[in-house]
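**Student:** Just passing along the structure, written as structure tokens.
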Amino acid sequence: MSLLKLQNGSDVRGIALEGIENEHVNLTPEIAEKISASFYIWLSKKLGTNKLTVAVGRDSRISGPDLANGVISGLSAFDSKVYDCKMASTPAMFMTTQDEVLNADGGIMITASHLPFNRNGLKFFTKDGGADSKDITEILTIADTLMLGMEKKGEVVEFDFISRYAALLVELIREKTKEEKPFDNTKIIVDAGNGAGGFFADKVLKPLGANTEGSVFLEPDGNFPNHEPNPENKEAMEAIQNAVLSSNASLGIIFDTDVDRAAVVDGSGKSINRNPLVALMSAIVLDEYPGTTIVTDSITSKGLTEFIENLGGKHHRFKRGYKNVINESVRLNKEGTVSDLAIETSGHCAFKENYFLDDGAYLITKVLIKFAKLKKEGKTISDLIGSLKEPAESIEFRAKIKVEDFKAYGQKVLDDFVAFASKEEGWSQVMPNYEGVRINCGKEEGWVLIRLSLHDPVMAINVESDKDGGCQEIKSKMMGFLKGYSELTL
């Protein structure tokens, strides 16, 4: 098998454990060894030196320790210094390249985000940020021809970096709030979903005075026995909402497995994720950087655009995919348009002030700083987004494409849809639009976006409406249109 088959955009992803029917292991410690050695070769060429320092971390997945051993073995084949950071977060692995103590040339995180327990993968970082898709292709191309059995020459040092990383967050919150313990007599709880985020309760919140009793699923467990560690997951959000209400907490925090995403729940049990989370972070950023441009993914709501504009900001709706959103914000800044926030509805949130790193713990740090200030004024974080107009309904459905050249077929569907929509009363195409075709639906008081998946033979359709039954009206028209294509499975 070519190792290029393990590429998933800007990540390496594979099956690390047996356990799900018809799925066979294709990411072993030996393969991880080859890929990490290839990363070392690739980075050495990029930096022009054969002596590198690389940090390695992992989340709570069962396969993590064995894959970490493989990764460290691959790096140790060179004149390297390897920091074994054990349990860590994905953003922390990037921060090892910026940290004045470790000063790593690169970082590797072993994670598969919120995917099932038997999956795992690798994320790569340099001082410039996360590896892009083309970088992963180059690394895996090297790995395809690399021979193992190299003598181990590297030095391996264990380093508890997550504790250092947490201390830096505590220091930042104290600096911004001007208080040693800004959360004295305040209950703030965490749901880590049995991933790597449990450190936040003990290492960040408790030193700041918070009462974290009522926190749930802090213990790392790669079986993920309680719920999917994913802020977009309905059961996961219900778990933290229930925990907030049952413990009478003022704020609830939820992380995904490797802590690059997060969401919050206010003291009333109201969840703040997806569009409301984008609105919350936009309000916080626009208070600090007036007039800035907020870059989001393509499925954000019309009400969010109005919210951002009413705060004096600019909403730049781009493509799905957190790397797309981040790279677009970076591009805008380079071209002279100031953009201080890139955020996807999935919970990936990156700040210009923080290396454009999608870091769930840093997102929550920004929320906590604002929360502390609002608390003094007798307000809550929900007060910041009280004017956000949310749709009455929203749905998503998908159509699978059955032909091999699915991109060409999908593009034809999109082109035909433009013509179809132009004939529908009250429908108008939204421009500019950077992904798929987005239509405002006047009679139905909503909008529809149809787009082709970047990697899979799937067309995704998102619908929102401000009136009861509006989504079904739009969906009925969409189904009528899509049924005309024999190679689509609805």
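We did not get these values from a lab; they are worked out from the coordinates using the rules stated. Not measured: the values here are computed from a predicted model. Quick reminder, even Gly has a Cβ in these numbers, built from the backbone with ideal geometry, and neighbours come from all protein chains shown.
**Student:** Hey, could you grab the Kirkwood Rh for region 393-489? Inverse mean 1/r over distinct alpha carbon pairs, Å, one decimal.
**Tutor:** Mean inverse Cα-Cα distance, inverted, gives 13.4 Å.
**Student:** For the chain, what is the mean residue ellipticity at 222 nm derived from helices alone (per DSSP H run of n ≥ 4: -39500 (n - 2.57); sum divided by total residues; nearest 500 deg cm²/dmol)?
**Tutor:** -10500 deg cm²/dmol
**Student:** Given points 7 Å out from each Cα along the Cα-Cβ axis, report the GLU21 to ILE395 separation in nanometres with one decimal.
**Tutor:** 2.9 nm
**Student:** Separate question: Students often check this: by mean Cβ neighbours within 10 Å, which of 329-340, 36-47, 252-263 ranks highest, and how do the rest follow?
**Tutor:** Final packing ranking: 252-263, 36-47, 329-340.
**Student:** Project the alpha carbons of the chain onto their principal axes and report the range along each, largest first, in whole Å.
**Tutor:** Extents along the principal axes: 71, 59, 47 Å.
**Student:** Mean separation of Cα pairs under 8 Å and 6+ residues apart, divided by the residue count of the chain: what relative contact order is that in percent?
**Tutor:** 10 percent
**Student:** If you place +1 on the Cβ of every Lys and Arg and -1 on the Cβ of every Asp and Glu, how big does the dipole about the Cα centre of the chain come out, in debye to the nearest 20?
**Tutor:** Using Cβ point charges on Lys, Arg, Asp and Glu, the chain gives about 680 debye.
**Student:** Based on Cα positions only, what radius of gyration and what Dmax would you give for region 274-358, in angstroms?
**Tutor:** In order Rg, Dmax, the Cα atoms of region 274-358 give 11.0, 29 Å.
**Student:** Could you tell me which of the pairs LYS178/LYS203; LYS46/LYS123; LYS86/LYS270; LYS302/LYS423; LYS178/LYS352; LYS123/LYS370 are separated by over 25 angstrom between their Cα atoms in the structure shown?
**Tutor:** Result: LYS86/LYS270; LYS123/LYS370 exceed 25 Å.
**Student:** Sort out for me the Cα centre separation of region 203-237 from region 442-484, rounded to whole Å.
**Tutor:** Centre-to-centre distance over Cα atoms comes out at 35 Å.
**Student:** Quick check on region 3-159: what does the Kirkwood estimate of hydrodynamic radius come out to from the alpha carbon pairs, in Å?
**Tutor:** Averaging 1/r across every pair of different Cα atoms and inverting gives 15.1 Å.
**Student:** Can you list residues whose amide H is under 5 Å from LYS187's amide H, if they're 5+ apart or on another chain and H is modeled 1.01 Å from N?
**Tutor:** When sequence neighbours closer than 5 places are left aside, the close amide H contacts are ASN211, SER250.
**Student:** To the nearest Å, what is the center-to-center distance of region 54-112 and region 347-403, using C-alpha atoms only?
**Tutor:** Here the answer is 29 Å between Cα centres.
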